[in-house]
Amino acid sequence: MTLKTRVLGVVMAAVAVAAAALTVATPASAATLTQVTNFGNNPTNLQMHLYVPDRVATRPAILLAMHYCTGTGPAFHSGTQYASLADRYGFIVIYPSATRSSKCWDVYSPQALRRGGGSDPVGLMSMVDYVKQRYSADPARIFATGTSSGAMMTNVMLGDYPDVFAAGASFAGVPFACFATGGTSEWNSQCANGQLTRTAQQWGDLVREAYPGYTGQRPRMQIWHGTNDETLRYPNFGEQVKQWTNVHGLSQTPTYTDTPQSGYTRTRYGGRGPMAPVEAISMQGVTHNLPVDAAQAIRFFGLDGPPRRRPPRRRPPHPR
């Protein structure tokens with residue numbers, strides 16, 4: 001059983017076929033989605049496509065953009081606005097592809113849920129390291145985003161590699177380790193149905209256990225979810241808020257609330273500004289097939305203009 005998702009149809013197939021023919025060992029051609037091979041340790045045989053804009057910034061930022069189940073990197077490229085925003089702001093986008101039959105990311109095995117444990121996160125980190133070295137990217141401006149299964153993997157990557165990612169944006173996902181199955185199955189019905197609830201401390205502990213002993217700053221997180229999500233049900237929104245506020249040592253009481261558009265409620269935790277440690281957007285009446293507001297994710301990352309200094313973040317208290 002795999003996640004339901006948006007169907008990109010002919011566009012997805014055409015882009016995937018065209019992109020599959022592009023394989024180079026040199027840096028990707030500017031403004032062309034290009035497949036890269038031999039990018040490093042890749043235990044699950046992931047594929048990597050890279051988008052480098054014509055006018056790439058000096059010491060560019062990196063965005064790891066991860067597709068939904070049944071999707072591909074090229075389909076996610078064609079179906080979202082991240083590449084056009086990269087053209088505007090000069091950052092580089094990695095579009096990875098899962099290659100197992102479901103085209104879902106491994107967010108469920110013990111290997112995936114710990115730093116350097118193996119599976120998809122190791123291959124994804126190899127892609128990030130490749131781009132960072134190849135293009136002299138800014139190590140302080142590396143970000144992750146994804147939809148559905150890709151949103152789940154966004155949570156996983158920020159949990160496994162908190163020293164690498166500055167922030168993430170999760171569109172219709174679930175908390176880190178919510179989908180854990182012990183590695184015997186890709187699907188966790190209890191989590192998907194919104195029946196897996198934990199305390200904020202318990203959720204936070206799962207993240208901390210992914211990289212034992214780490215005491216540095218944690219990535220900021222932006223969370224999007226539709227109230228009518230029929231695939232990864234809406235309670236997962238609140239559980240993610242509990243998890244990431246706890247990871248940052250914050251109260252679950254918002255410090256700022258507004259309505260950015262009709263039916264959307266935005267809450268911020270630990271700050272009132274556009275780059276608060278945690279930002280959550282509840283989308284009234286929206287299903288799992290939610291619109292991906294790439295511009296708002298880029299705004300949250302601070303990539304919508306010249307490089308900004310990361311806002312000061314107090315270190316979370318030592319976990320009990």
Those residues of region 152-191 which are open to solvent by less than 10 Å² (accessible area, probe 1.4 Å) and either of a type in the set (D, E) or free of Cβ contacts under 8 Å to residues at least 40 places away in the same chain (or both), in sequence order: D160
With the requirement that a residue be in contact with a His (Cβ under 9 Å, 6 or more places away or on another chain) and either part of a strand (DSSP E or B) or among the hydrophobic types (A, V, I, L, M, F, W, C) (or both), what does region 152-182 give you? S170, F171, A172
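If we scan region 131-141, do we find a residue that is outside any loop (DSSP other than H, G, I, E, B), under 27 Å from T70 (Cβ atoms) and open to solvent by less than 20 Å² (accessible area, probe 1.4 Å)? Write out each step before concluding.
We begin by selecting, within region 131-141, every residue outside any loop (DSSP other than H, G, I, E, B); these are 131-134.
Adding the requirement that they be under 27 Å from T70 (Cβ atoms) leaves 131.
Now narrow it down to the ones that are open to solvent by less than 20 Å² (accessible area, probe 1.4 Å): 131.
Checking region 131-141: at least one residue is outside any loop (DSSP other than H, G, I, E, B), under 27 Å from T70 (Cβ atoms) and open to solvent by less than 20 Å² (accessible area, probe 1.4 Å).
How many residues are in a loop (DSSP other than H, G, I, E, B), open to solvent by 10 Å² or more (accessible area, probe 1.4 Å) and under 23 Å from D129 (Cα atoms) if we restrict to region 60-99? Give the steps one after another, and end with the answer.
Step one: of region 60-99, the residues in a loop (DSSP other than H, G, I, E, B) are 60-61, 67-72, 80-81, 90-91, 98-99.
So of that shortlist, the ones also open to solvent by 10 Å² or more (accessible area, probe 1.4 Å) come out as 70, 72, 80-81, 99.
Okay, now just the ones that are also under 23 Å from D129 (Cα atoms), so 72, 99.
The qualifying residues number 2.
Residue by residue, here is whether (1) in contact with a Cys (Cβ under 8 Å, 6 or more places away or on another chain); (2) surrounded by fewer than 17 Cβ atoms within 10 Å (Cβ to Cβ); (3) among the aromatic types (F, W, Y); (4) modelled with pLDDT under 95 holds:
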site	(1), (2), (3), (4)
G273	no, yes, no, no
I281	no, no, no, no
P311	no, yes, no, yes
P317	no, yes, no, yes
Give the number of residues within region 100-124 that are surrounded by fewer than 22 Cβ atoms within 10 Å (Cβ to Cβ) and aliphatic (A, V, I, L, M). 1
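Here's the yes/no breakdown for (1) modelled with pLDDT of 95 or more; (2) within 27 Å of T44 (Cα to Cα); (3) under 20 Å from the mean Cα position of the chain (by Cα):
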| position | (1), (2), (3) |
| --- | --- |
| A172 | yes, yes, yes |
| F179 | yes, yes, yes |
| W187 | yes, yes, yes |
| L196 | yes, no, no |
| A200 | yes, no, no |
| E209 | yes, yes, yes |
| P212 | yes, yes, no |
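Out of T231, T245, report the one residue that is within 27 Å of Y82 (Cβ to Cβ), hydroxyl-bearing (S, T, Y) and touching a Phe, Trp or Tyr at 6+ places or on another chain (Cβ under 7 Å).
Working: T231 fails: touching a Phe, Trp or Tyr at 6+ places or on another chain (Cβ under 7 Å).
Residue meeting the stated conditions: T245.
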Of residues in region 122-158 being hydroxyl-bearing (S, T, Y) and out of contact with any Leu (no Cβ under 7 Å at 6 or more places or on another chain), the one farthest from G40 (Cα to Cα): T147
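The values are calculated or read from the model by the stated rules, or taken from the named source; none is laboratory data. No experiment lies behind these values; they were computed from the predicted model shown. So basically every Cβ, Gly included, is an ideal-geometry build from the backbone, and we count neighbours across all protein chains shown. Only protein heavy atoms, including side chains, enter the accessible area calculation; ligands, DNA and RNA are left aside. Shrake-Rupley method; radii C 1.70, N 1.55, O 1.52, S 1.80 Å.
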